[in-house]
Amino acid sequence: MQIKAQNLGFTYGEGTPFEKKAVSGIDVDIPPGSRIAVVGHTGSGKSTLVQHLNGLLVPTEGTLTVGETTIRPGMKQKVLHHLRRTVGMVFQYPEHQLFEETVEKDIAFAPNNFGAGEKETAERVRRAAEAVGLDESLLSRSPFELSGGQMRRVAIAGVLAGHPDVLILDEPAAGLDPKGRRAMMEMFSRWQQEQPFRSYILVTHHMEDAAKYADYLYVMNAGSIVMEGTPAEVFQSPARLKEARLDVPAAVRILTEIDGSGSFSLNTYEADETADEIARILRGGGPL
Amino acid sequence: MRSMILGQYVQGDSFIHRMDPRAKLTGLFLFLLVMFLANRPAALIPAAAFACFVFLMTRIPVRYLLKGLKFIAIMVIFLFLFRMLMTREGTVLLDLPWLPIYEEGVRDGAVFAGRLFLLMVMATVLTLTTTPIELTDALERLFKPLQRLGVPAHELALTMSIALRFIPTLFSEMEKIMKAQMARGASFSDGSIVKRIKALIPLLVPLIIQSFRRAEELAVAMEARGYAGSEGRTRFRQMVWRASDTRVLFTVVLTGICIFALRG
Amino acid sequence: MAEETAVQVNNVTYRYAEGAPSVLSGLSLKVEQNEWVAITGHNGSGKSTLARLINGLLLPEHGDILVQGLNSASEDDKVHIRRKVGMVFQNPDNQIVAPTVQDDVAFGLENTGVDPQTMEKRVAWAIKAAGLAGLEHAEPHNLSGGQKQRVAIAGILALKPDILVLDEATSMLDPLGKKEVMSLAGRLHKEENVTVISITHDLEEVLRADRMIVMNQGVVTADGKPDDVFREKEILDRAGLEQPFSVRLREELARREVVIPENAVSEKAMVSALCRLKHKT
Ligand SMILES: Nc1ncnc2c1ncn2[C@@H]1O[C@H](COP(=O)(O)OP(=O)(O)OP(=O)(O)O)[C@@H](O)[C@H]1O
Ligand SMILES: Nc1ncnc2c1ncn2[C@@H]1O[C@H](COP(=O)(O)OP(=O)(O)OP(=O)(O)O)[C@@H](O)[C@H]1O
Ligand SMILES: [Mg+2]
Ligand SMILES: [Mg+2]
């Protein structure tokens, strides 16, 4: 699913006294099979931007193309219904959306709405539960009896069961302990790699996660995209990130301090790789 | 909802803004009482004059009020017509075949509508010049003497103030849940009535659960900050009843006397 | 209040309902006056439960909890404990009671019956100390997350607590909001001698502490200087934790024979040690 925004802008409550311009002049181009991160401080417009991708918001300026569908200002939300099948969305604290009597029924909500048959739905529920690491024995329990971490998994399974091609993740790991956080992000990585056309768009404040789990970053500030590129490209300019009230990952911070020229390269932003780079710099540079 | 200003607050520093909210509330109540003395339209003139005078003192642009009263005015005209047609006494003014209009009806309708309109104007003036928290505070204090009779004045006022604080939060919560369910293919806007009501379950269940969680967390946070009921509590907001507040109430009574004199 | 222990938890057991499994089982710990202690551990390890026990919102089933010598189980002491221990919770939305900033900051003072003149001064002071000057009349729903958490802290600050408990107070904030809240806590710790107990999953936040306590399934499994505890990979792993980046980096560097002095703990110290090494070569 190709996603392309051209000069997209959105104003909340347009034409009312409470009018608020949330994003403007946005250009993005997301090919199938991408791992994207959108980073930015509170209120910079990240959620507003990504809610356009499945038609929850209709732009008030510019255009947005999602696959075959082109969305223009003034279009009715109703005609964009089908986008929700191909673009799934995990909201922040998704466990707050659970409502069914059993875990199974809750996960089945999306496939049912999207018209999957009974057998197909059951199969999707089983597979989604497996993907997020929920034990089959939990399917008949009430979601409200589960622990916080398990509830989060149920909610995510509920989105995966809709079989999206693109997954939008709005701070999916907030509030989890470090191991839980890593496991959650690894899970999305695995999901993405299962099919060559699957993409995800991770919305986060966590620069380490953005560095590790995305191949391309969009940096937002005050409703605009102020930087974009691969993590390595974006982290070349810590000063500009600071202007957007963001940090660089610790690995980049330390390496920049030691080697002002910025001639280092990182792929995983993990400690072992950083140590390799530091060792290389200390031994007098040497070929990359 | 631009045309509805009852309930909104406009920042300002006029005499009316600075009045003791208790005096404003009491004044409104007195005003309501004295208007009942009027039994013909002419008798409402002093009340109208008083209302104009008070409004001018708020220094809020007249246009703002006029625009905001549109909705109320339509309602009042409707009630006037209704009342007029319901009363069938006195001489017939206009002998329409199905709906004869009586003199008494016009008079009664006009008094009724006039009272209601003036009351709404004054209530609007009250909310335009008083923050919600001042209002709840004033209510709490005015009802305090009733606490001995078992009226939970403090608890009611606190509940109101918490409700005020959480209404915007609940709205954004509702919007969020709605979007989350729409992303999972839920639709809130099509299908039969039964279907639409059923579609509300995925919205209402999480909303209620979340509200309970919020209430519990808030209760814990309040307790942690030493909240233990009204006993021994002092207040941050001090209200001072000045001589001028009493004078305003006196003016309302004076208006009442004028109305009484103009009774037919 | 000089030498007294700030918080002493003695062999405490707690369960939420009869027959339910115990959330804390025989937990003991001690926090000294003017210490900064971080408490961390996996989701559901009992950290929030412990926080609620400390200021008497919950009472232990066994064992006891002393706050500056006052027992949380005693009705008379409870009022004093609430005044000494200020708590900030995770969700900024659910702890602001009043519709404006200054009314909310005054809420705790109103509860303790402070007279209006003193109250006015303390509210003004707390708002200023929390860096919220100019926002006195703002409505909470118009504030950012970081600002809301600072309102919550200001409300507690106004009560001049001796002990500040932050229960994941920064977990819903962006990096800037986190910094705002942590540096405010840091200032109170330094300038007002406030004892800080910070419950967090943020490993960098743990590194700021004088001491860290790791909880696992309702018991303490490690207690010591962050530097020492963060070496215990086994313990961390079982408690759902990881080593923070700087600690991992130091170990990886050691493996590559790049040795950083023991005392260079913070990121800054590490960087300058590395720079010195670089210039030597
Ligand atoms: N429903 C709404 N009505 C009016 N204004 C809104 C609404 N939702 C968001 N805004 C405003 O739009 C701007 C962008 O908000 P948005 O939620 O997109 O930011 P964000 O980057 O997702 O922030 P966060 O990191 O806090 O989630 C903010 O100024 C916000 O106040
Ligand atoms: N009000 C409650 N009623 C019943 N059980 C509860 C309640 N609050 C917490 N528990 C249970 O007690 C255990 C410990 O919970 P607690 O909230 O103290 O953990 P925590 O360490 O703070 O976790 P987290 O890191 O997720 O905040 C959990 O198993 C939880 O399900
Ligand atoms: Mg957002
Ligand atoms: Mg907790």
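Each reported figure results from applying straightforward, stated rules to the coordinates on display, with no laboratory input. For clarity, every value in this text was computed on a predicted model and none was experimentally measured. Here Cβ is always computed from backbone atoms with ideal geometry, including for glycine, and neighbour counts include all displayed protein chains.
At a glance:
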item: Candidates C:D167, C:D115, C:D104, C:D162 - the one that is crowded, with 19+ Cβ neighbours inside 10 Å, more than 16 Å from ligand 1 (Cβ to nearest atom) and over 18 Å from the mean Cα position of the chain (by Cα); result: C:D104
item: Residues being more than 23 Å from B:S172 (Cβ to Cβ) and surrounded by 24 or more Cβ atoms within 10 Å (Cβ to Cβ) - total across region C:128-152; result: 1
item: Candidate set: region C:68-84, residues that are under 12 Å from C:N55 (Cβ atoms) and without any contact (Cβ under 8 Å) to a residue 60 or more places away in the chain; chosen: the one surrounded by the most Cβ atoms within 10 Å (Cβ to Cβ); result: C:R82
item: Residue within region B:199-211 that is within 30 Å of A:K78 (Cβ to Cβ) and not in a helix (DSSP H, G or I) present; result: yes
item: Identity of the residue in region C:174-204, in a loop (DSSP other than H, G, I, E, B), of a type outside the set (V, I, T) and in contact (Cβ under 8 Å) with a residue 60 or more places away in the chain, that ends up farthest from ligand 3 (Cβ to nearest atom); result: C:N193
item: Scan of region C:1-49 for residues that are within 14 Å of another protein chain (Cβ to nearest Cβ), of a type in the set (A, V, I, L, M, F, W, C) and touching a residue at least 40 places away in the same chain (Cβ under 8 Å), ordered by number; result: C:V23, C:A38, C:I39
item: C:E257, sole failed condition from (1) surrounded by fewer than 18 Cβ atoms within 10 Å (Cβ to Cβ); (2) in a helix (DSSP H, G or I); (3) within 14 Å of chain A (Cβ to nearest Cβ); (4) without any contact (Cβ under 8 Å) to a residue 24 or more places away in the chain; result: (2)
item: Conditions (1) small (G, A, S); (2) more than 30 Å from B:W241 (Cα to Cα); (3) not in a helix (DSSP H, G or I): number failed by B:A42; result: (3)
item: Residue within region C:68-86 that is on the phi < 0 side of the Ramachandran plot and touching a His at 6+ places or on another chain (Cβ under 8 Å) present; result: yes
item: Residues satisfying the stated conditions in region C:87-104, i.e. more than 8 Å from every other protein chain (Cβ to nearest Cβ), away from ligand 2 (no atom under 16 Å from the Cβ) and of a type outside the set (D, E); result: C:V101
item: Qualifying residue in region A:61-75 (condition: free of Cβ contacts under 8 Å to residues at least 40 places away in the same chain, surrounded by 19 or more Cβ atoms within 10 Å (Cβ to Cβ) and β-branched (V, I, T)); result: yes
item: The lone exception for C:L249 - which of (1) within 17 Å of A:H206 (Cβ to Cβ); (2) within 8 Å of another protein chain (Cβ to nearest Cβ) it fails; result: (1)
item: Answer residue from region A:2-40, given it is more than 15 Å from the chain's Cα centre (by Cα) and either within 16 Å of ligand 2 (Cβ to nearest atom) or in a loop (DSSP other than H, G, I, E, B) (or both) and is farthest from the other protein chains (Cβ to nearest Cβ) among those; result: A:Q2
item: Positions within region A:175-191 being buried (at least 20 other Cβ atoms within 10 Å of the Cβ), away from ligand 3 (no atom under 16 Å from the Cβ) and either more than 26 Å from C:F245 (Cα to Cα) or facing chain C (nearest Cβ under 10 Å) (or both), in sequence order; result: A:L176, A:D177, A:P178, A:R181
item: Restricting region A:47-65 to residues that are aliphatic (A, V, I, L, M) and closer than 15 Å to A:K4 by Cβ, the residue that is nearest to ligand 2 (Cβ to nearest atom); result: A:V50
